Amino acid sequence: MIVLEYKVKGKLEQFKAIDQAIRTTQFIRNKAIRYWMDNSRELKIDKFALNKYSTALRKEFSFVNDLNSMAVQSAAERGWIAISRFYDNCKKKISGKKGYPKFQKDCRSVEYKTTGWKLHPTKRQVTFTDKNGIGNLKLLGKWDLHTYNLKDIKRVRLIRRADGYYCQFCLGITVTDVQPKTGNEIGLDVGIESFYTDSNGHQEPNPQFLRKAETSIKKSQRQIYKKVKSSSGRRKARKVYSKKHLKVSRQRNEHAKRLASNVCKSNDLVAYEDLSVRNLVKNHCLAKSISDASWYLFRQWIEYFAAKFDKLAIPVAPHYTSQKCSNCGVIVKKSLSTRTHICNCGCELHRDTNAAINILNLAKQARDGQSRSNATGVGVSTLVGKSLLEQILT
């Protein structure tokens, strides 16, 4: 599955029509969750029941009927994704909150399936044919959409971001790019001091995109509250503020993508820590630095490129990887402030390098003697394994 994204060019009336379609999508999703909440468990509300309910909404509300029928179903499916995620967390007995479905207030996209849109023969324009009045939009971008078969397009999304509107085409194509075997194996230990340290001793510097932009972001945030509420100046100030956050988000994504691609191309086995970032950010002293490092995003791209390049990506439990000596296996306790691993056996390494070697050794044991179900990211959170809806909602 691949996603091609274009920026769209249109008129102000067309963008208002897109906003109306997005609000309708949010309305349908929230109504689906309310329908699930109000009915008893004996009725067993499932995905098909919510699709049937969305048909009733089309008859009840005229603005819902203006949206394409498959787009209405897609909006109801978003509600079911939130519900099914809650059910799965309950079955797995995850500690803490189970993610009870909430009503959405900040929907930014509308999704069409195989109807409700039509591509121009040049495939540089797309026309939306429902009653919302979006009409014809020009596609700005360098993706070669004309090289793909029209039948491969499974979903079309319209997304609103701080710097404009975008159109995504989701193609049901398996992406493979088998790279030659290098014979190299590497273990990665992510951190705050450096973005990651590998088992060869290399330390990738931490870019700290948010830290560098923090002064500018805070200044633009102060400008918002100096403007009169509901004024055009306040809306403009909010747009400037949003663009700065969007820039940081894109920088993190491109940085993680570039590093993950290089690591997977140059190594046949990539071992990394199976960290629970959700628990780590509960430390309020380090939460901002951990979020700025975007470890989970880096993990997602490693799993994606490992599957694409036909390489092995193995998650390893992080327990005692920093304390255990990579040479003799003895536990050498040390605090976080101790950055050098010194063992009685004579091994003296940087703390993160020692951890990376331990991670690689554990991955080799898992590959050689234990289950390989997660060898290419199967069974863990990955961009490849996500459904089309989950990619945009997360």
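The values are calculated or read from the model by the stated rules, or taken from the named source; none is laboratory data. If you're wondering where the values come from, they're calculated on a predicted model, not measured in any experiment. With ideal geometry, Cβ positions are generated from the backbone for all residues, glycine too; neighbour counts draw on all protein chains shown. The protein model used for the area step is the full one, side chains on, heavy atoms only, and it has no ligands, DNA or RNA in it. Shrake-Rupley method; radii C 1.70, N 1.55, O 1.52, S 1.80 Å.
Which residues, counting only those in region 333-359, are of a type in the set (Lys, Arg), more than 18 Å from residue 192 (Cα to Cα) and open to solvent by less than 20 Å² (accessible area, probe 1.4 Å)? Correct list: empty.
Yes or no: residue 243 touching a helix residue (DSSP H, G or I) at 6+ places or on another chain (Cβ under 8 Å) and open to solvent by 50 Å² or more (accessible area, probe 1.4 Å)?
Considered against the rule, which asks whether it is touching a helix residue (DSSP H, G or I) at 6+ places or on another chain (Cβ under 8 Å) and open to solvent by 50 Å² or more (accessible area, probe 1.4 Å), residue 243 comes out as no.
Are any residues in region 282-299 over 13 Å from residue 255 (Cβ atoms), open to solvent by less than 30 Å² (accessible area, probe 1.4 Å) and among the polar types (S, T, N, Q), and if so, which ones?
The one that is over 13 Å from residue 255 (Cβ atoms), open to solvent by less than 30 Å² (accessible area, probe 1.4 Å) and among the polar types (S, T, N, Q): 289.
For region 159-208, filtering for residues that are out of contact with any Asp or Glu (no Cβ under 9 Å at 6 or more places or on another chain), open to solvent by 30 Å² or more (accessible area, probe 1.4 Å) and small (Gly, Ala, Ser) leaves 1. Within the option set 286, 269, 275, being touching a strand residue (DSSP E or B) at 6+ places or on another chain (Cβ under 9 Å), closer than 20 Å to residue 204 by Cβ and at pLDDT below 90 holds for one residue only, 275. A count restricted to region 11-54 and to residues that are over 16 Å from residue 70 (Cα atoms) and touching a helix residue (DSSP H, G or I) at 6+ places or on another chain (Cβ under 7 Å) stands at 5. Here residue 322 meets each of (1) open to solvent by less than 40 Å² (accessible area, probe 1.4 Å); (2) over 18 Å from residue 184 (Cβ atoms); (3) assigned to a helix (DSSP H, G or I) with one exception, condition (3).
Yes or no: region 365-375 includes at least one residue that is hydroxyl-bearing (Ser, Thr, Tyr), at pLDDT below 85, open to solvent by 30 Å² or more (accessible area, probe 1.4 Å) and farther than 30 Å from residue 105 by Cα. Yes, some residue in region 365-375 is hydroxyl-bearing (Ser, Thr, Tyr), at pLDDT below 85, open to solvent by 30 Å² or more (accessible area, probe 1.4 Å) and farther than 30 Å from residue 105 by Cα.
Of the candidates 250, 299, the single residue that is among the basic types (Lys, Arg), assigned to a helix (DSSP H, G or I) and free of Cβ contacts under 8 Å to residues at least 12 places away in the same chain is 250.
For region 110-158, what are the residues that are open to solvent by less than 20 Å² (accessible area, probe 1.4 Å), at pLDDT 90 or above and of a type outside the set (Ser, Thr, Tyr)? Outline the logic, then answer.
Kept after step one, since they are open to solvent by less than 20 Å² (accessible area, probe 1.4 Å), are these residues of region 110-158: 110-112, 116, 126, 128, 134, 137, 139, 145, 153, 156-158.
This time we only want the ones that are at pLDDT 90 or above, so: 110-112, 116, 126, 128, 134, 137, 139, 153, 156-158.
If the condition is that a residue be open to solvent by less than 20 Å² (accessible area, probe 1.4 Å), at pLDDT 90 or above and of a type outside the set (Ser, Thr, Tyr), then 110, 111, 116, 126, 128, 134, 137, 139, 153, 156, 157, 158 are the ones that fit.
Just one of the listed residues (45, 94, 81) is touching a residue at least 60 places away in the same chain (Cβ under 8 Å) and among the β-branched types (Val, Ile, Thr), and it is 81.
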